[in-house]
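Accompanying notes for the structure given below.
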């Protein structure tokens, strides 16, 4: 090993640095430097001398509060000790989804800008000190009290305070470590970027559009409605001198699973069909996405009579189920919304959750983590939420206000 560099020493926020790396040469302070650039989850954009591993510069490309800056002498972030969440719930920017996740960014040597698919989002953290909630082999062991975090989120939503989740295309100047321009998107969890010598940046979005922007200004110059959400990055190639741009359609990933509903996402209206689409100038083909008509919600079975079961189920659900089916049972639509389950599903919760009856469809058995009583409480909680959702959906529209 010649050198190594750690972006988040002592990480307690899930700020991975698996985001890909870009090699280039930059003129910095009048000197050409061979650098490696990265925008990991933690919110800093790093420019590092790739020959020596020495940090040249680092600056925040999204809002953050876990660190107050960067010590360029040591190369370590200056951690904000006031946000220790061992004994008190703390809201931390950015969330574990990160300012930039795995979706690739791209660099254009003509504009000298990096194009990053960024997210702005915070998350509450609190260490789980409840008895019996220690590490469980095979479980989702984060050390966080998701019962308390779920209740805090429910309280915010009940008060009409919607947590901020925004997605952007950010053009970043790596030499001066500052924003050149950015475009806010209608969706949070979007695709990677491709930039070309023709002064273009391509990016697909969760709303099902595939877009091209001017690389120097950010002006949108083209958009195609694929009607299928996109998280992949495009690629370009040429055959017999003709250029093509290809994109894999389909929406998924961590935030799509656990992040809750995206109001403007294509998945709310169309099936999430995996397709490869190829574009060229004067292309004549058409994409047709199939609409997903879910229809009105059907009446769920009645709630269980013991309200305490649902409260216990809230804690069990958020420890074991929320990461796939959504906090507060609010699914993004990528995986089943448990509130919409058929009566037959509610009748066979034990067979599904413990017996693994749906393992061939991705729902593994949780028999190593849960028992029959746990499953009963989770069912009680989901039934409570299902009945509340059905009541809200069935309520007559409010009368118009009197003049």
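Some notes on this structure:
- Answer from 148, 180, 171 - the residue that is part of a helix (DSSP H, G or I), out of contact with any helix residue (DSSP H, G or I) (no Cβ under 6 Å at 6 or more places or on another chain) and not assigned by TED's automatic domain parsing to the domain that holds residue 385: 148
- Applying the condition of being under 19 Å from residue 146 (Cα atoms) and touching a helix residue (DSSP H, G or I) at 6+ places or on another chain (Cβ under 7 Å) to the stretch 61-103 and asking which residue is surrounded by the fewest Cβ atoms within 10 Å (Cβ to Cβ) yields 89.
- Positions within the stretch 281-313 being within 30 Å of residue 247 (Cβ to Cβ) and exposed (fewer than 14 other Cβ atoms within 10 Å of the Cβ), in sequence order: 281, 282, 283, 284, 285, 286, 288, 290, 291, 293, 294
- Among the strands (runs of 3 or more DSSP E) confined to the stretch 79-123, the ones with at least 3 residues that are closer than 12 Å to residue 65 by Cβ are located at 90-92.
- Helices (runs of 4 or more DSSP H) (entirely within the stretch 293-403) containing at least 3 residues that are farther than 18 Å from residue 157 by Cβ: 307-320, 343-347, 349-353, 372-394
- Per-region count, the stretch 40-60, residues assigned to a loop (DSSP other than H, G, I, E, B) and either surrounded by fewer than 23 Cβ atoms within 10 Å (Cβ to Cβ) or touching a helix residue (DSSP H, G or I) at 6+ places or on another chain (Cβ under 9 Å) (or both): 6
- Scanning the stretch 172-193 for residues that are within 20 Å of the chain's Cα centre (by Cα) and either loosely packed, with under 14 Cβ neighbours inside 10 Å or in contact (Cβ under 8 Å) with a residue 24 or more places away in the chain (or both) returns 182, 183, 184, 186, 187, 188, 189, 190, 191, 192, 193.
- Residue in the stretch 324-333 that is under 30 Å from residue 202 (Cα atoms), at pLDDT 95 or above and within 19 Å of the chain's Cα centre (by Cα) present: no
The values are calculated or read from the model by the stated rules, or taken from the named source; none is laboratory data. Keep in mind it's a predicted model, so treat the numbers as computed, not measured. All Cβ positions, even for glycine, are placed from backbone atoms using ideal geometry, and neighbour counts span all protein chains on display.
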